[in-house]
Structure formats: structure tokens, C-alpha cells
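Notes for the one structure printed next.
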Amino acid sequence: MKQATAEAHAKINLTLDVTGKRSNGYHDVCMVMQSIGLHDMVTACVGTGSCIRLSVEGSDLPADNSNLAYRAAELFLSETGTPCDGISIVIEKNIPVAAGLAGGSTDAAAVLVLLDELYDTHLGEKKLMEIGLKLGADVPFCISGGTMLAEGIGEVLTRLPDVPQTHVVLCKPPIAVSTPAIYRAIDSAEIAERPDTQAMCAAIAAGDCFRVAQLLCNVMQPVTAGMHPEVEAICGTLRSCGAMGAIMSGSGPSNFGLFEKPEEAQAACDTLAAQYPETYLTNFCTAAQVKR
Ligand code: ATP
């Protein structure tokens, strides 16, 4: 038996634009993605028997093949022609589910990376990303991590310099958002404000965290906020507590604010905790960049 563990990091979107819809139903996007410190712990053990076993701790997510981590193990075996000698996967779930933080995609990415290591298949990042794309558009990004410009359906990735150090408060209200439902709504919505992705990439390259904060923009925000007013309310609280900028991540409902000073970030956490007692909150610093 061989065993290994990996951190599976969540992501936030510094920008998110939906630029088109393909005939197969997929959407073209243009977004700046950022891995964050918040992570699940994924442990894989191979040579355990004859089938795939998954257990998820800290969440009532199903542990069958509706779980993206399970499907990642199945896909790894079929893509590599590896006979299954028994795979046991344990996920310690810390990332909120259906939150716009790529929780499922990052678990799947970690499983692919771990199995490549444990079975000595040496597929390397590029091939793992190709396999990961079959599981979901965010999986290739989660395999590599860090700060990236994502285009196509999210799989055309360009690495960007690390974002400048800033304090981030992440806040997820206790509601679940269905990403497909938001995409359906955005198809018929008038997009009033789009991100300036080029300017965001330039601000990141210049290490200018004020400009990064000014340029935060997510075209999905008005759509999700129309269904869940908590989104605008939380972003408003983040700004009134001194955030340089605050937006929703992905299809939501998680929101984040960027703060210059750690004490402001902490005060925002305290205010949000008092206003929204059921809310999931975390406070971290982008200095800890996450890359594989
Ligand atoms: P994205 O930002 O990539 O759209 P998300 O953060 O909005 O993702 P997830 O947490 O990945 O959403 O959950 C989306 C759906 O995937 C949920 O309905 C959930 O039941 C399902 N799912 C399957 N496997 C997992 C997993 N390992 N972790 C979280 N969700 C999973």
C-alpha cells in the first residue's frame, strides 16, 4: 500500500467575464483566477483491495460516483489503463460547497495529482490538465494553482505574476447557488459592466494592490445578487469596513474584500460575524501564494 496527502486549495475570481456561448452549451469566459489558502485535505491510498472507496469528513456530500473526486479516480484509471488494485480516498472538507470557490474541482485536481504520484505514471502537469478538463472547466486551473488568466471555457491558462500582498476577507452566506442556473440566467441578462481584464493583468504585474482592488469585477454578480440580496449587502459591509474593493467570487454566493491593513480585515470579520451569524468567514493574506 502507498499513501500520500495533498492540500486542495479553493480559488477566487479577481475578474470574471462571460464572452460567449458555444453550440454545445459551454460558455466562453475570460477571468483572472487566484488560489487561496483555504483548502481541503485529500489523502489517497492505493493497493487497498479491488474498488474505489471515498469518505468525506466534515460535509454530507455523497461519497459515490456523483462526487467529483470519485470520478477523478475512475477517469485516472481509464485514461492511464491502470488496473484498479483498490483506491481509498479521504477528503477532509473545509471549503464550503456550491460557493463559487471551486471546491469540487480542487478535490478532483488533488486526486489526479496524487494518483499520478502513487502509481508512478509521471503524466506531468499538461497531461493531468487534459484529463482534468474532462471533469470540469476549473479542474486544469486547480491542478496548477497560483494566479492565472483563464480563457476558452476556463482551460486556456496563462500564468500571471503573484498578486501583491493584501489581506482578504472571504464571506459566504448560508445559501447554495447552482452554477448552471446562474449561467442560464446570464444568457438572457443584459451585461452592464464588464471587467477590464487587460488592466487587471497589468495591475498584477505592477504589484499595485489598490489598482487590483479597483478593477475587481464579476459579470455574474448582478445575476446572483438579484436572486440573493445578501451578496450586495455583504460587499457593501466589506467596503464600509474599509475594503479597497469587494466582489462576489465565481457564480457565488461567496464574496471577498481586499484590505490594506490586517486590523481592518479583522474588524470587517467581526462586523460581518455580528450581522450574519450563520455566515462562513475566513481572513487570510495573499502573501501565502499557492502553486503546485
Ligand atoms: P465552481 O466555482 O467551480 O463553479 P462551486 O464552488 O460553485 O464550483 P462546488 O463546491 O464545486 O461549487 O459544488 C458544485 C456541485 O458539485 C455541488 O452541487 C456538489 O454537490 C457537487 N460536488 C461533487 N463533488 C464535490 C466535492 N468533492 N466537493 C464539493 N462539491 C462537490
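Points to keep in mind about this one:
- Of the residues making up segment 43-57, those that are among the hydrophobic types (A, V, I, L, M, F, W, C) and within 12 Å of the ligand (Cβ to nearest atom) number 2.
- The set of residues in segment 200-209 being without any contact (Cβ under 8 Å) to a residue 60 or more places away in the chain and within 15 Å of ILE247 (Cβ to Cβ) consists of ALA203, CYS209.
- Flag for VAL231 being touching a Ser or Thr at 6+ places or on another chain (Cβ under 6 Å), part of a loop (DSSP other than H, G, I, E, B) and farther than 17 Å from ALA265 by Cα: no
- Checking each residue in segment 69-106 for being among the charged types (D, E, K, R) and either more than 9 Å from the ligand (Cβ to nearest atom) or at pLDDT below 95 (or both) picks out GLU74, GLU79, ASP85, GLU92.
- Residue within segment 120-128 that is basic (Lys, Arg) and under 28 Å from ALA203 (Cβ atoms) present: no
- Condition check for VAL97: of a type in the set (A, V, I, L, M, F, W, C) and either part of a strand (DSSP E or B) or at positive phi (or both): no
- Residue in segment 183-194 that is buried (at least 21 other Cβ atoms within 10 Å of the Cβ) and of a type in the set (A, V, I, L, M, F, W, C) present: no
Conditions (1) outside any strand (DSSP E or B); (2) away from the ligand (no atom under 16 Å from the Cβ); (3) in contact with a helix residue (DSSP H, G or I) (Cβ under 8 Å, 6 or more places away or on another chain), marked per residue:
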residue	(1), (2), (3)
ALA8	no, no, yes
VAL18	no, no, yes
SER23	yes, yes, no
ASP28	no, no, no
VAL32	no, no, yes
LEU38	no, no, no
MET41	no, no, no
SER59	yes, no, no
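- Pairs meeting the criteria (first residue in segment 175-187 and of a type outside the set (Val, Ile, Thr), second residue near the ligand (Cβ under 10 Å from one of its atoms), beta carbons under 6 Å, at least 6 apart or on different chains) are ALA176/ALA98.
- Identity of the residue in segment 234-278, hydroxyl-bearing (Ser, Thr, Tyr) and not in a helix (DSSP H, G or I), that ends up farthest from ASP187 (Cα to Cα): TYR276
- Residue within segment 72-82 that is surrounded by fewer than 21 Cβ atoms within 10 Å (Cβ to Cβ), β-branched (Val, Ile, Thr), in contact (Cβ under 8 Å) with a residue 12 or more places away in the chain and in a helix (DSSP H, G or I) present: yes
- The set of residues from segment 216-265 being among the small types (Gly, Ala, Ser), closer than 19 Å to GLN34 by Cα and free of Cβ contacts under 8 Å to residues at least 60 places away in the same chain comprises GLY245, ALA246.
- Among the helices (runs of 4 or more DSSP H) confined to segment 134-207, the ones with at least 3 residues that are in contact with a Cys (Cβ under 9 Å, 6 or more places away or on another chain) and more than 13 Å from the ligand (Cβ to nearest atom) are located at 197-206.
- Index of the failed condition, GLY104 passing every other in (1) in a loop (DSSP other than H, G, I, E, B); (2) within 21 Å of the chain's Cα centre (by Cα): (1)
The values are calculated or read from the model by the stated rules, or taken from the named source; none is laboratory data. Worth saying up front: this structure is predicted, and the values here are computed from it rather than measured. Glycine gets a Cβ as well: all are built from the backbone with ideal geometry, and neighbour counts include every protein chain shown.
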